[in-house]
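Encoded as structure tokens, the structure appears first; notes follow it.
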Amino acid sequence: MRTLRTVGELRAALAPARGAGLEIGLVPPMGALHEGHLSLIARAREQCDRVVVSLFVNPAQFNERSDLERYPRREHHDANLAAAAGADVLFAPSVEEVYPPGFATSVEVLGVTDRLEGEVRGAAHFRGVSTVVTKLLCMAQPDNAYFGQKDAQQVVVIRRLVADLNLPVRVEVCPTVREPDGLAMSSRNALLSPAERARASALYRALSAAAEHAAGGERSAEALLDTALQAMAPFAVEPEYVALVDPDTLEPVTHLHEPALMAVAAHVGATRLIDNVIVRPAVSSRRDTLRKEVATCSA
């Protein structure tokens, strides 16, 4: 695996593969790689002839400088993990390479960025995400780009910008990888103390409780959200939000007719965590209704 620092080096390294018609995949984590990231690299390795992993802690998407400074950075360790998972190229540019002097362009996706993380972190967060992802896609010019379901709203935003800007890339979303207790793997988990780590499982327990309630027949969003909040209470974790939304538009759902996205965000100690699951209505409800109608007619 080669480690490259500039856009020129990256394009030169990929030119032979592109000229030969080989398929190029991009996996763009910020760093502190974990099993979730490695699953994206492995998926890219299955589907592509060349795999690029970018490592760039993007200052434009952090609201607080202290949060940016606390973000784990361990390039040498990440490089070894990426190589073992099947990466051909590690692209690790400097801030100056991505945002050179005089940089004055930004990409903003409207609508789907106004809710959930957008309400808490503000418009600048997703403007930073959209801009850096657009830049990375233009830098690497991949055929496929791989993202994790854990960042569900980010995925919605990226799909929208790829469609709106006619970018020639296929976006593939891979399942969230979890710890044995259900905690979604995240680079931020390394910032949790042992006691905070135990409390952090509250997020997945809340989502799971709501999903089980829905599978049992509950369709009221209010009731499902209340179930999630009750499941979090014993862990003394106060959510910033728990929401049930349409998975494509992120509009609030009031009654569960189709699969919906339940998303949660909370601080555990000084560390902010997010998670989500798809909540599905009870599949037997319509069948049971038809059976009751048939039974009534027969009687």
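Only one of the numbered conditions (1) surrounded by 15 or more Cβ atoms within 10 Å (Cβ to Cβ); (2) not in a helix (DSSP H, G or I) is violated by Leu40, and that is (2). Screening Pro142 on (1) touching a helix residue (DSSP H, G or I) at 6+ places or on another chain (Cβ under 7 Å); (2) buried (at least 19 other Cβ atoms within 10 Å of the Cβ); (3) assigned to a loop (DSSP other than H, G, I, E, B) shows it passes everything except condition (1).
One residue stands out in the stretch 82-127 among those that are touching a Leu at 6+ places or on another chain (Cβ under 6 Å) and more than 22 Å from Val27 (Cα to Cα): the one that is modelled with the lowest pLDDT, namely Arg115.
Looking only at residues in the stretch 252-275 that are open to solvent by 10 Å² or more (accessible area, probe 1.4 Å) and among the charged types (D, E, K, R), the one that is modelled with the lowest pLDDT is Arg272. Filtering the stretch 147-199 to residues that are among the hydroxyl-bearing types (Ser, Thr, Tyr), closer than 27 Å to Ala123 by Cβ and out of contact with any strand residue (DSSP E or B) (no Cβ under 7 Å at 6 or more places or on another chain) leaves only Ser187.
Residue count for the stretch 62-81 satisfying the condition of being open to solvent by less than 40 Å² (accessible area, probe 1.4 Å) and either at pLDDT 95 or above or among the aliphatic types (A, V, I, L, M) (or both): 3.
Please go through the stretch 67-110 and give me each residue that is of a type in the set (Gly, Ala, Ser) and under 26 Å from Pro16 (Cα atoms), ordered by number.
Kept after step one, since they are of a type in the set (Gly, Ala, Ser), are these residues of the stretch 67-110: 79, 82-87, 92, 94, 102, 104, 106.
Within the stretch 67-110, Ala79, Ala82, Ala83, Ala84, Ala85, Gly86, Ala87, Ala92, Ser94 meet the criteria.
Is there a residue being touching a helix residue (DSSP H, G or I) at 6+ places or on another chain (Cβ under 8 Å) and part of a helix (DSSP H, G or I) anywhere in the stretch 15-34? No.
Taking the stated definitions as given, is Asn189 surrounded by fewer than 21 Cβ atoms within 10 Å (Cβ to Cβ), of a type in the set (S, T, N, Q) and part of a helix (DSSP H, G or I)? It is true that Asn189 is surrounded by fewer than 21 Cβ atoms within 10 Å (Cβ to Cβ), of a type in the set (S, T, N, Q) and part of a helix (DSSP H, G or I).
Considering only the stretch 147-157, how many residues are of a type in the set (S, T, N, Q) and open to solvent by less than 20 Å² (accessible area, probe 1.4 Å)?
Going residue by residue through the stretch 147-157, those that are of a type in the set (S, T, N, Q) are 149, 153-154.
Narrowing further to those that are open to solvent by less than 20 Å² (accessible area, probe 1.4 Å): 153.
The total comes to 1.
When you check Val242 against the structure, is it open to solvent by 20 Å² or more (accessible area, probe 1.4 Å), part of a strand (DSSP E or B), in contact (Cβ under 8 Å) with a residue 24 or more places away in the chain and not charged (D, E, K, R), yes or no? Let's see the steps before the verdict.
Working: open to solvent by 20 Å² or more (accessible area, probe 1.4 Å): yes; part of a strand (DSSP E or B): yes; in contact (Cβ under 8 Å) with a residue 24 or more places away in the chain: yes; not charged (D, E, K, R): yes.
Yes.
For Pro180, the criteria (1) surrounded by fewer than 22 Cβ atoms within 10 Å (Cβ to Cβ); (2) in contact (Cβ under 8 Å) with a residue 12 or more places away in the chain hold in every case but one, which is (2). Residues of the stretch 158-172 that are over 13 Å from Cys138 (Cα atoms), of a type in the set (A, V, I, L, M) and either out of contact with any helix residue (DSSP H, G or I) (no Cβ under 6 Å at 6 or more places or on another chain) or buried (at least 18 other Cβ atoms within 10 Å of the Cβ) (or both): Ile158, Ala163.
Of everything in the stretch 208-233 that is assigned to a helix (DSSP H, G or I) and of a type in the set (Asp, Glu), the residue that is nearest to Val264 (Cα to Cα) is Asp226.
Yes or no, residue by residue, for (1) under 17 Å from the mean Cα position of the chain (by Cα); (2) of a type in the set (Gly, Ala, Ser); (3) outside any helix (DSSP H, G or I):
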| position | (1), (2), (3) |
| --- | --- |
| Val57 | yes, no, yes |
| Ala87 | no, yes, yes |
| Phe103 | no, no, yes |
| Arg115 | yes, no, yes |
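Checking the stretch 219-238 against the condition returns no match, with no residue being among the charged types (D, E, K, R), touching a residue at least 60 places away in the same chain (Cβ under 8 Å), in contact with a strand residue (DSSP E or B) (Cβ under 9 Å, 6 or more places away or on another chain) and closer than 25 Å to Val157 by Cα.
The values are calculated or read from the model by the stated rules, or taken from the named source; none is laboratory data. This structure is a prediction, so every number in the text was calculated from the model and none was measured. So basically every Cβ, Gly included, is an ideal-geometry build from the backbone, and we count neighbours across all protein chains shown. We work out accessible area using only protein heavy atoms, side chains counted, and drop any ligands, DNA or RNA first. Shrake-Rupley method; radii C 1.70, N 1.55, O 1.52, S 1.80 Å.
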